[in-house]
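The values are calculated or read from the model by the stated rules, or taken from the named source; none is laboratory data. As the structure is a computational prediction, the values presented were derived from the model and not from experiment. Please note: Cβ atoms are built from the backbone with ideal geometry, for glycine as well, and neighbour counts cover all protein chains shown.
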Amino acid sequence: MQEKFLFEYAVIRVMPRVEREEFMNVGIILFCARQKFLKSIFVLDETRMLAFSPKIDLDELKANLCAFERISVAAKGSGPIGQYDQASRFRWLTATRSTVVQCSKVHPGLCTDAEETLLRLHEELVL
């Protein structure tokens, strides 16, 4: 039997009008310390987003989501937060905030393959 590893994940949400608390799930961020894995993925359905929020600036939204993705993998140009260790980046990205791009509460689970689990959660909760 394969060993199972503790992981944590959150759903990445777009909340165009924070005061209304209406949101659309657009991605997943998953952290597994034992597998040294931290990654986020997102899909932005522009037609659906504009139907949900006609005044949203799609270019700015995409830039914010791409920055989120770059920080999670510590990509070049991810700024000072991108230089933190994986656990600190995950905690920073999933911290409660009142912005257009937010995360759900963090949820734990057990997995054998973090990448596979990330893709499964993305399919179940976003697509």
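Considering only residues that are surrounded by fewer than 19 Cβ atoms within 10 Å (Cβ to Cβ) and closer than 18 Å to Lys62 by Cα, which ones fall in the range 103-127?
Once the filter is applied, which keeps residues that are surrounded by fewer than 19 Cβ atoms within 10 Å (Cβ to Cβ) and closer than 18 Å to Lys62 by Cα, the range 103-127 yields Val126, Leu127.
Condition check: basic (Lys, Arg) and touching a Phe, Trp or Tyr at 6+ places or on another chain (Cβ under 7 Å). Does Arg34 satisfy that?
So Arg34 fits the description; yes.
Return the total of residues in the range 70-118 being without any contact (Cβ under 8 Å) to a residue 40 or more places away in the chain and in a helix (DSSP H, G or I).
9
Report the residue count in the range 108-127 for those that are of a type in the set (A, V, I, L, M, F, W, C) and closer than 17 Å to Lys36 by Cβ.
4
Please find, among Arg97, Arg91, Arg70, the residue that is over 22 Å from Val18 (Cβ atoms) and either within 13 Å of the chain's Cα centre (by Cα) or modelled with pLDDT under 95 (or both).
Working: Arg97 fails: over 22 Å from Val18 (Cβ atoms); Arg91 fails: over 22 Å from Val18 (Cβ atoms).
None of the others qualify; the one that does is Arg70.
Filter the range 40-68 down to the residues that are aliphatic (A, V, I, L, M), touching a residue at least 40 places away in the same chain (Cβ under 8 Å) and in a helix (DSSP H, G or I), then identify the one that is surrounded by the fewest Cβ atoms within 10 Å (Cβ to Cβ).
Leu61
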